[in-house]
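Q: The following block contains the structure, expressed as structure tokens.
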Amino acid sequence: MGKAGQNKVLELLSASDIANKISELGALITKSYPDESEELVLIGVLKGSFIFLADLCRAIDRPLEVDMIGVSSYGSSITSSGSVLITQDLWRPIKNKHVLLVEDIFETGLTIKFLIENLKERGPKSIKVCALLKKEDKSLVDLPIDFLGFIIPDEFVVGYGLDAKEKLRNLEMIGVIKAD
């Protein structure tokens, strides 16, 4: 049975593919924020981004802060409800800081759009978006992703923090569930 239960998880991105991409993203982000006297805060979107956030912050070679914001648009379903609810807010103010919103997967863009609008009201110096994954041809809003890991097919993915009803987050790779 293993971690996948009764279903088989087919590998889409290996652990080494992910690690290599995060190294590249970390270098790009480091170059994009060269003035270390300006504060940079990475805001992870819970829960799915927590593993990506941990690896990404270690790949960025400059001082930074880390915070998290919890949102829900899925509930216990595998499809988005379309409405976004903040389930956990930031711990510290972001006024006059550069904000890098760290998301596991960009699908419709509705969650990121909601978060950008919400965070802008708090007076940050800038807001950029870093997403590990973007589903091709799924966006409902036109938002730039400043730092993007991979474009993937429109399939339900698990692993590396992404879940299926709160399971399979602990897989080292990102995969697609296939019924046995």
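Bear in mind these aren't lab numbers, they're just calculated from the coordinates by the rules spelled out. Keep in mind that this is a model prediction, so the values were computed, not measured. Cβ: placed from backbone, ideal geometry, glycine included. Neighbour counts: every protein chain shown.
Q: Go ahead and estimate [θ] at 222 nm for the chain from helices alone: -39,500 (n - 2.57) per DSSP H run with n ≥ 4, summed, over the residue count, rounded to 500. List each step's numbers first, then the result.
A: On the way: 3 runs with 39 residues, N = 180.
Helices in the chain give a 222 nm mean residue ellipticity of -7000 deg cm²/dmol.
Q: Could I ask something else about it? Order the peptides 90-96, 130-136 from the highest to the lowest mean number of other Cβ atoms within 10 Å of their residues. Write out the running numbers ahead of the final one.
A: Numbers: 90-96: 12.6, 130-136: 21.1.
Packing order, densest peptide first, comes out as 130-136, 90-96.
Q: Still on this model: Select from the stretch 99-180 those chymotrypsin sites (Phe, Trp or Tyr not before Pro) which occupy a DSSP coil region and have at most 13 other Cβ atoms within 10 Å, ordered by residue number. Before the final figure, lay out the partial values.
A: Working: sites: Phe106, Phe114, Phe147, Phe150, Phe156, Tyr160; in loops: Phe156, Tyr160.
Of the chymotrypsin sites (Phe, Trp or Tyr not before Pro), the ones in loops of the stretch 99-180 whose Cβ has at most 13 other Cβ atoms within 10 Å are Phe156.
Q: Continuing with the same structure: Which cross-chain or sequence-distant (5 or more) residues have an amide H under 5 Å from the amide H of Gly70, H modelled 1.01 Å from N in plane?
A: Answer set, sorted by chain and number: Leu46, Thr87, Gln88, Asp89.
Q: Ok, one more. If one computes the Cα centroid of the stretch 6-39 and of the stretch 109-180, what distance in Å separates the two points?
A: Spelled out, the Cα-based centre of one part sits 13 Å from the other.
Q: With charges set only on the Cβ (+1 for Lys and Arg, -1 for Asp and Glu), what does the dipole of the chain come to about its Cα centre, in debye to the nearest 20?
A: Numbers: 22 positive and 27 negative charges, 62 e Å.
My answer is approximately 300 debye.
Q: Next question. For the stretch 16-152, what does the alpha-carbon gyration tensor say about shape, rounded, prolate or oblate, given a ≥ b ≥ c as the root eigenvalues, a/c under 1.5 as rounded, and a/b over b/c as prolate?
A: On the way: a/c = 1.71, a/b = 1.20, b/c = 1.42.
It comes out oblate by the Cα gyration axes.
Q: Among Thr108, Leu46, Pro34, whose Cα lies farthest out toward the positive end of the dipole of the stretch 33-140, if unit charges sit on the beta carbon of Lys, Arg (+1) and Asp, Glu (-1)?
A: Of the candidates, Thr108 comes out farthest on the positive side.
Q: Can you compute 3J(HN,Hα) from phi for each residue in the stretch 48-58, using the Karplus curve 6.51 cos²θ - 1.76 cosθ + 1.60 with θ = phi - 60°, rounded to whole Hz and x for Gly and Pro?
A: Those phi angles translate into x, 8, 4, 6, 4, 4, 4, 5, 5, 5, 6 Hz.
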